[in-house]
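Computed from the coordinates by the stated procedures, all read-outs in this text should not be read as laboratory data. For clarity, every value in this text was computed on a predicted model and none was experimentally measured. Reconstructed Cβ throughout: ideal geometry from the backbone, glycine too, with neighbour counts over all protein chains shown.
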Amino acid sequence: MTADVPVVNPWLPRSRPSDGSNGKPRRSVQDPSTELTGPAAPQGAGVPDPEHGLPFARPWPAPGQAWWWLGAHGGSGVTTLEQAVPGGRDAGGAWPVGEWAQPVVLVARSGADGIGAAQDAARQWASGRVPGVDLLGLVVVADAPGRRPRILRDLVRLVSGAVPRLWEIPWVEPWRLGEPPMAHLPDACVPLARDLARLTARPALPRVP
């Protein structure tokens with residue numbers, strides 16, 4: 001770990017970090033690599049239960065579907081991503097639990113509440129209490145135009161250490177106005193789509209009891 005990256009505990013209860021931290025996100029979506037930037041599997045013992053966990057549901061995959069988009073909270077941006085990056089399906093706000101390990105991508109807005117919800121979901125997964133899920137990573141969708149305040153950048157960095165991978169999608173004004181996502185794709189969607197295609201090309205993993 002480099003000297004300018006402070007040691008953080010991603011499993012601390014959700015809180016707003018001090019504005020004095022100089023941490024930076026560990027990886028930007030501009031890097032097309034599918035290399036892990038966080039834990040590849042749940043840590044199990046020692047991870048505290050989150051205050052608020054997502055429910056579970058039996059999935060009904062659609063033909064051609066490769067992964068699930070799981071919104072950590074309402075208004076996370078799943079509906080837009082489902083159109084902008086074809087191949088995934090909305091999990092309906094619940095962990096999809098099936099016979100085989102289900103590839104899942106968490107989605108959250110970049111506001112403090114959205115990232116806090118993503119942290120809760122990541123802790124739920126890391127605790128080992130989410131059976132049959134292959135968590136691919138977290139997509140953070142910008143909640144406002146312009147440069148993100150440092151306190152929120154630090155919060156994203158904190159949570160990025162608790163999930164296998166981090167992708168970030170910038171603010172897209174036409175999306176806010178209801179225009180078709182495919183007609184206004186930001187450059188960040190290209191490596192996101194490529195990464196997910198690579199990750200879901202692996203053979204299906206058997207469900208862990």
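Compared with the alpha-carbon gap, the fully stretched path from ASP187 to ALA57 is longer by 43.5 nm at 0.36 nm per residue. Considering only TRP167, LEU155, VAL139, the residue lying farthest towards the positive end of the dipole of segment 56-199 is LEU155, judged by Cα position with unit charges set on Cβ. Put simply, the Cα atoms of segment 56-199 extend 42, 33, 26 Å along their principal axes, the longest span coming first.
A simple charge model with +1 on the Cβ of Lys and Arg, -1 on the Cβ of Asp and Glu and nothing else charged puts the dipole of segment 56-199 at about 340 debye relative to its Cα centre. In segment 56-199, Cα pairs under 8 Å separated by at least six residues give a relative contact order of 23 percent. Spacing of the modelled spin labels on ARG129 and ARG147, each 7 Å from Cα toward Cβ, amounts to 4.0 nm. Here the simple spin-label model places points 7 Å from the Cα toward Cβ, and for GLN83 and GLU173 these points are separated by 1.9 nm. Full extension of the chain segment joining ALA66 with LEU36 gains 8.9 nm, where the gain is 0.36 nm per residue of separation less the Cα-Cα distance.
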